[in-house]
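J.: Quick one: the structure is below, questions incoming.
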Amino acid sequence: MMLTSKQRAKLKALANPIETILQVGKGGIGETLIRQVDDALTARELIKIRVLETAPDSVRDTATLLAQATDSQVVQVIGTRAVLYRHNPKKADCIVLD
């Protein structure tokens, strides 16, 4: 499911106050990081990551690779941070995008 611009705007607003929970450094994207992102998306649906300058890929490339590996979507990329979203219908307090 691709996000509409209206849905993306709502997710950006929701992501604004949340804290960055994961960092990608010089090791880049590995299996452990993918599992952590997957677990975080299952628990929260919307997460913010930070890509350090020492990371091997750009912020956008890192976010895209993580989104592909976790079946999520990149909501926003600003500076060194990116926001990922994956709907979890099993979650009682899931984000409603309609």
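Bear in mind that the values in this text are calculations on the coordinates, not laboratory data. Here the structure is a predicted model, which means the values were calculated and not measured. Neighbour counts run over all protein chains shown; Cβ positions are idealised from the backbone, glycine included.
J.: Report ³J(HN,Hα) in whole Hz for each residue of region 67-79, in order, from the Karplus equation J = 6.51 cos²θ - 1.76 cosθ + 1.60 where θ = phi - 60°; Gly and Pro get x.
T.: So the Karplus estimates, Gly and Pro as x, are 5, 5, 6, 10, 6, 10, 10, 7, 8, 7, 10, 9, x Hz.
J.: A further question follows. Name the residue farthest towards the positive end of the dipole of the chain from the options 52, 36, 75, assuming +1 on Cβ of Lys and Arg, -1 on Cβ of Asp and Glu, about the Cα centre.
T.: Highest projection toward the positive end goes to 75.
J.: Compute the semi-axes of the equivalent ellipsoid of the chain, taking the square root of 5 times each eigenvalue of the Cα gyration tensor, and list them largest first in whole Å.
T.: Working: eigenvalues 93, 42, 26 Å².
Working through the eigenvalues yields semi-axes of 22, 15, 11 Å.
J.: 222 nm [θ] for the chain, helices only, -39500 (n - 2.57) per DSSP H run of 4+, per residue, to 500? Please list the in-between numbers first.
T.: Details: 3 runs with 37 residues, N = 98.
For the chain, the value works out to -12000 deg cm²/dmol.
J.: Only sites in a loop by DSSP and with at most 14 other Cβ atoms within 10 Å count here; which GluC sites (Glu not before Pro) in region 1-62 make the cut? Walk me through the intermediate numbers first.
T.: Working: sites: 19, 31, 45, 53; in loops: 19, 45, 53.
Listed in order of number, the matching sites are 19, 53.
J.: Further question: State which stretch of the chain is the longest one without any exposed trypsin sites (Lys or Arg not before Pro), exposure meaning a DSSP loop state and at most 12 other Cβ atoms within 10 Å.
T.: Working: sites that count: 26, 90, 91.
Looking at the chain, 27-89 is the longest stretch - no exposed trypsin sites (Lys or Arg not before Pro) with at most 12 other Cβ atoms within 10 Å.
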